[in-house]
Structures are given as structure tokens and as C-alpha cells.
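Here is the structure we will look at, set down as C-alpha cells.
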Amino acid sequence: NNLQNKTIVVAMDNDEAGYKAAQGLKEGLANLNVPYEVFDLSTMAGGQHKDANDFMQADRPAFENAATSFISKIETPDLVINYMEDYIKEIRKNAATPPIKTGFNKLDRALGGGIVPAMYTIGAISSLGKTTLTLQIADFIAASGQDVIFFSLEMGKAEVISKSFSRITSELAREKNDVSIAKTTRHMLMNQAKPEIFEQTYERYLSTAQHMNIVEGNFRTNINTIKEYVERHIQVKGTKPVVIVDYLQILQPIDDRLSDKQAIDRNIVTLKQISRDLDIAVILVSSFNRDNYASVVSFSAFKESGAIEYSSDVVIGLQLHAIHRAAAEKQMIDKVAILDAAKSETPRKIELVVLKNRNGSSFVRVGFDFIPQFNCWNEVFLPNEVLPR
């Protein structure tokens, strides 16, 4: 009972054993409803000190300053003066850290330069390639040397990698102007007549594979699973990854008593908290309501949740370019016929619409060609395209 009126400071060794001990203490204190804070040495003085005593012996004034500041923040967490040092550090870090490029020049421009630590949500109806687009962005980011964690809650790891191999094969086809390669789909990769092309695809993918983490879902993955995995990655590797969750509607609730809407809202809000607390970019893939199949993309299309609009820093919707013709039709059967025909085209003409951008321009439109058989997205110019100046 006395402990519940105190805040325990957990300050374990700055190594693997210390990390495990801290995790155990945090869980135990949480179960006892005892308030605690973590004095994380890995984030102090460049993470060079093994433990608090080592820090104090090496630089006592710096240690005392760190400890005093830490305690002050616990005692008066909302006092702005306690936040100012962190704020200035954050401003300087952001100024020195450029946005992460997506591999699409116009999309980067639409986003204000690229991806930054924030919460992004990408939604679309089925068969519009939202997973494929997100994976292509993830592959580009990983190939650029930035760690990516791709939580694939529906597809297996082999299926995800096969999508990437299919796209790379099509890229080789364009480079070599080889029609026979261009006819290779991901289901034919190992049976094609030119095994050297498969080897070239493999070699090109290696730069992505070094930084790409694909985590298979098992339909039991929940938000706590994701949080623990990401925190573990940051602790062990010392790098902050771009996190992708594919997709929202399969992410399991952490409380079975919640309604579907409550569970989805809880997951979205927690993903936003993960993005903010860990200072990372989180990209969430979401399905659209079936009722919005024949409607121009809007916030109402996102399934079962108002939290997407309010919690996401950036909200992106994908729609067939033919939606503009379909929306002009009065009869639903005519609307559906136009959209079904557009979905059967190769390539499919897709518009990416930025519905919300907390730190940039909204209602930006970017044109794409989506080639399903090669799992490939290409930027193109489409009518109705609107880019920021």
C-alpha cells in the first residue's frame, strides 16, 4: 500500500540482461498498480555507460543533472520548463533529418517531401492494390538502408516476398525490353525459361532484404504484440524502423468485450501513441466499406472508425480514376458496371488522394498505373491530378 503512493524508478544495466530485467520489473509493477518510470541509460550520454554507477563515476555532474532532470519531470510532468530541453533537441533533430523517400517523386511532393515520424493510414476498396503499393514503398525504403518492419497479418512471408520478386522481374523486363520476361508472373518465377533472370531478381532484392523485417500474422496478432516487437527492435538494433501494419481489420482486439468499432478505434489510437512515443513512422493499411464502392473517396469510406480521421496525421485514399465517370451515373447498376470494367483493365488507372495531411497540403491527387500481375505501381499523369506548388 505504501508503494502505491510512490513512483519507482527502474534503472537497470544498459545491456541485454538489463533490458530483460527492466521488462520483468515493469510488468510486475504494473500488475501491482505501482507507478514507475524507466531511467533508460541507452538514451543518455550516447548510450556509452553500462549502468548508473558507471555513468556517475565517468561524469558525476552530467549524471546528477540527468537524474535531477528526470526526477523533476516525474514530480511536475506538465511543467513546460521540464520539456523545453527535449523540445529543442527534437527541433534540431528534425531539421537535420530529411523525410524518408517513398520511391515515388510526386507522392513525396504530395506528402511534403516524404515520410516523417507520424501516423499514416492508407485505405481502398478490394483489388486496388493497397497492400502492393505499401509493400513497394517499404521495399524502396529498406533498399535505401532504413529498417522496415512489415506486419503481414493476412499473407505469409513467402507470398509477400514473391510480390516483391514479381515487381523486380517486371523492372528487369523494362530495362532489357524483353517481352518474355514481362510475361512472368510471381506464380511462374521458378518455372521460367531464363533462370538467370531469377538470379538477377534475387541479387537486386538483397539490398532490400538486409533491412526488411516481415512478421507473419497468425490471426492472433494484437496491438500489444506489435508494440513489444517494435520496442524490442529499437532496443536490440538501436535503429528506429518504419512500421507497416497490413491491415487494420485483421488486427485483433486486446479486449474481447469491446465492440468491433471500439476495438478498431482502440487499435488506431494505440498505433498513434506508438508512433508518437517511439518517434517513428507507422503506416496502417485499411479496407473501405462496401457501401462506398461506387463513391468518391472520403473519410466516411473507412470502415467502422472515426478514429482514423482524428488520430492519423496523414490519411490517404485510393480510388479508380473511373470513379469520376461512375459518380455521374444515376443508376447503381451503371456505376458498378463502369467500375468493374475499370478494375479489369491493365494497367488499372488509380488516383491517390491525400484526404488529410496534418503538416502539409490536403486533397492532393496523384495518378498511378497499377499492374496487378506484376505487383507494380508506376506514377503517371491523370486528369484531375492536383499537386502542391
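The values are calculated or read from the model by the stated rules, or taken from the named source; none is laboratory data. Since the model is a prediction, treat every value here as computed from it, not as a measurement. So basically every Cβ, Gly included, is an ideal-geometry build from the backbone, and we count neighbours across all protein chains shown. We work out accessible area using only protein heavy atoms, side chains counted, and drop any ligands, DNA or RNA first. Shrake-Rupley method; radii C 1.70, N 1.55, O 1.52, S 1.80 Å.
Observations on the structure shown:
- Distance in nm between pseudo-label sites at Val34 and Val236 (7 Å out along the Cβ direction from Cα): 2.9
- Projecting the Cα positions of Phe150, Leu25, Val10 onto the charge dipole of segment 8-155 (unit charges on Cβ atoms of Lys, Arg, Asp and Glu, taken about the Cα centre) puts Phe150 furthest along the positive direction.
- Placing unit charges on the Cβ atoms only, positive for Lys and Arg and negative for Asp and Glu, gives segment 237-389 a dipole magnitude near 240 debye about its Cα centre.
- Relative contact order (percent, whole number), segment 1-84, Cα cutoff 8 Å, 6+ residue spacing: 26
- Under-5 Å amide H pairs with Lys356, H placed in peptide plane, nonlocal only: Val315, Phe363
- For Asp51, the residues whose modelled amide H falls within less than 5 Å of its own, excluding neighbours fewer than 5 places apart on the same chain, are Asn14.
- Remark: the chain carries 52 Å² of accessible area per residue (probe radius 1.4 Å; ligands, DNA and RNA excluded).
- Legend: P(r) of the chain from all alpha carbon pair distances, 20 Å bins from 0, whole percents, reading 24, 52, 21, 3.
- In the elastic network of the chain, a GNM with C-alpha springs shorter than 10 Å, the most mobile of Ile264, Ile316, Ile74 is Ile74.
- Summing charges over neighbours of Thr270, with a neighbour being any other residue whose Cβ is under 11 Å away from its Cβ, gives +2 when K and R count +1 and D and E count -1.
- Nearest-ten-degree value, helix 81-96 long axis tilted from longest Cα axis of the chain: 40
- Dipole magnitude of the chain, debye to nearest 20 (Cβ charges: Lys/Arg +1, Asp/Glu -1, about Cα centre): 1100
- Cα-based helix-to-principal-axis angle, 157-176 vs the chain, degrees rounded to 10: 50
- Here the Karplus relation 6.51 cos²θ - 1.76 cosθ + 1.60, evaluated at θ = phi - 60°, turns the backbone of segment 144-156 into coupling constants of 7, x, 9, 5, 10, 10, 9, 7, 9, 7, 10, 8, x Hz, with x for every Gly and Pro.
- Degrees between helix 260-278 axis and first principal axis of the chain (Cα, 0 to 90, nearest 10): 60
- For segment 353-362, 3J(HN,Hα) per residue [Karplus equation, 6.51 cos²θ - 1.76 cosθ + 1.60, θ = phi - 60°, Hz, x = Gly/Pro]: 10, 7, 6, 8, 8, 4, 10, x, 7, 9
- Working from Cα pairs under 8 Å separated by at least six residues, relative contact order for segment 291-389 is 23 percent.
- Segment 194-227: trypsin sites (Lys or Arg not before Pro) in DSSP loop, at most 15 other beta carbons within 10 Å: Arg220
- Values of log10 I(q)/I(0), in the order q = 0.15, 0.22 Å⁻¹, for segment 217-285 under a Debye, Cα-only, solvent-free model: -0.46, -0.95
- Carbon and sulfur %, accessible surface of segment 233-302 computed with the full protein complex present, 1.4 Å: 45
- As a length-normalised measure over Cα pairs under 8 Å and 6 or more apart, the relative contact order of the chain settles at 18 percent.
- Cα gyration tensor shape of segment 291-389, rounded if a/c is under 1.5, else prolate or oblate by comparing a/b with b/c: oblate
- Taking 29 Å as the limit for the C-alpha separation, the pairs Lys176/Lys349; Lys106/Lys343; Lys101/Lys349; Lys106/Lys237; Lys89/Lys157; Lys101/Lys261 exceed it in the case of Lys106/Lys237; Lys89/Lys157; Lys101/Lys261.
- In order along segment 42-58, phi translates into HN-Hα couplings of 5, 9, 10, 6, x, x, 7, 9, 6, 8, 4, 5, 4, 4, 5, 5, 6 Hz, rounded to whole numbers, per the Karplus curve 6.51 cos²θ - 1.76 cosθ + 1.60 with θ = phi - 60° and x for Gly and Pro.
- In segment 336-389, the inverse of the mean reciprocal separation of distinct Cα atoms equals 12.3 Å; this is its Kirkwood hydrodynamic radius.
- Site pair Leu206 and Asn378 shows an inter-label distance of 2.8 nm when each label is modelled 7 Å from Cα along Cα→Cβ.
- Near Tyr36, the amide H atoms lying under 5 Å from its own belong to Ile8; only residues 5 or more places off or on other chains count, and H is placed 1.01 Å from N.
- For the chain, share of DSSP beta bridges that run antiparallel, in % to the nearest 5: 45
- For the residues Leu128, Leu25, Leu248, a GNM of the chain with alpha-carbon springs under 10 Å puts the largest fluctuation on Leu25.
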